[in-house]
Amino acid sequence: MSSITIRRCCIGEGRPKVIVPIVERTEAAILQKAAAFSTSSADCVEWRADWFADALDADALSRCLRGLRAALGEKLLLVTFRTQAEGGEAALTADQYAAFCAAVCASGCAELLDIEFFSAGERLPQWIAAAHAAGVKVVCSSHDFQKTPPRAELVERMVRMQQAGSDLPKLAVMPTCRTDVLELLAATAEMADHHPETPVITMSMGALGAVSRLCGEAFGSAMTFANPGTASAPGQVPLDVVDTVLDSLRLS
């Protein structure tokens with residue numbers, strides 16, 4: 001599996017890098033969390049902008065991004081607007097989504113931008129190219145809160161993300177049985193072994209899938225999300241537990 005290095009953080013080698021989410025409604029609360037996370041063990045902070053009441057106000061968005069960048073120091077900043085269709089807090093039109101992504105890239109504050117695979121549709125390569133032109137890496141994501149598609153479909157989706165230019169394909173799926181978790185892990189391993197052009201991020205959600213958030217180094221998931229007190233998705237494991245388990249499972 002290949003790797004990418006951002007701010008001296010090498011994603012795709014060794015211990016999976018840990019992401020913690022900020023899910024707050026107001027600028028003050030967002031920046032307070034950022035300041036607290038700046039000294040945490042996490043490698044990256046995800047700002048879930050769909051929780052921010054003023055996310056579509058250009059001035060408020062710009063101000064909040066600048067505050068986040070200043071508060072986080074050397075921590076990586078991943079900016080995400082999770083749409084309602086994929087489990088987020090708000091719905092966007094295609095034009096609103098495009099404008100949001102463009103504003104994040106233009107701000108110069110984020111190292112990583114989440115772009116939803118299905119929401120972008122045919123525009124995906126164009127949006128990724130625009131992010132790259134601004135020096136921003138792209139996490140291309142797909143979420144299924146109802147089921148786990150077959151392994152071949154999971155692999156095919158991540159390969160299409162790679163082909164569109166994504167730096168970090170990401171899949172989050174919901175298991176309905178134990179074998180669904182194995183399907184997700186098998187798809188992850190297949191990507192690492194047979195499609196290593198990029199690192200990938202994968203997870204099986206809910207309590208049943210929690211193990212998938214902890215065994216990324218063995219199966220090939222380069223990053224994992226941890227719960228720093230408030231979870232942004234079902235099944236996120238507390239940050240201190242994630243750190244302990246990842247250290248215990250080190251392969252080298």
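The values are calculated or read from the model by the stated rules, or taken from the named source; none is laboratory data. As the structure is a prediction and not an experimental result, all values here were calculated from the model. FYI the Cβ positions are ideal-geometry reconstructions off the backbone, even for glycines, and counts take in every protein chain you see. All accessible areas refer to the heavy atoms of the entire protein, side chains included, with ligands and DNA or RNA removed. Shrake-Rupley method; radii C 1.70, N 1.55, O 1.52, S 1.80 Å.
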Test result for residue 29, assigned to a helix (DSSP H, G or I), among the small types (Gly, Ala, Ser) and closer than 14 Å to residue 229 by Cβ: yes
Sole exception among (1) surrounded by fewer than 20 Cβ atoms within 10 Å (Cβ to Cβ); (2) within 21 Å of residue 174 (Cβ to Cβ); (3) in contact (Cβ under 8 Å) with a residue 60 or more places away in the chain for residue 74, by number: (2)
Residue pairs meeting the criteria (Cβ under 6 Å; at least 6 apart or on separate chains; first at positive phi, in the range 190-211; second open to solvent by less than 60 Å² (accessible area, probe 1.4 Å) and at pLDDT below 95): 206/234; 206/235
Single condition residue 107 does not satisfy, out of (1) over 21 Å from residue 142 (Cβ atoms); (2) buried (at least 16 other Cβ atoms within 10 Å of the Cβ); (3) without any contact (Cβ under 8 Å) to a residue 24 or more places away in the chain; (4) of a type outside the set (D, E, K, R): (3)
Residue 143 in contact with a strand residue (DSSP E or B) (Cβ under 6 Å, 6 or more places away or on another chain) and open to solvent by 20 Å² or more (accessible area, probe 1.4 Å): yes
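Scanning the range 19-47 for residues that are acidic (Asp, Glu) and touching a strand residue (DSSP E or B) at 6+ places or on another chain (Cβ under 9 Å), which turns out surrounded by the fewest Cβ atoms within 10 Å (Cβ to Cβ)?
24
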The range 31-54: number of residues that are within 18 Å of the chain's Cα centre (by Cα) and under 24 Å from residue 91 (Cα atoms): 8
Odd one out for residue 219, checked against (1) open to solvent by less than 30 Å² (accessible area, probe 1.4 Å); (2) under 24 Å from residue 20 (Cα atoms); (3) at pLDDT 95 or above; (4) over 15 Å from the mean Cα position of the chain (by Cα): (1)
Residue selected from the range 48-60 under the condition assigned to a loop (DSSP other than H, G, I, E, B) and of a type in the set (A, V, I, L, M), by the criterion least open to solvent (accessible area, probe 1.4 Å): 55
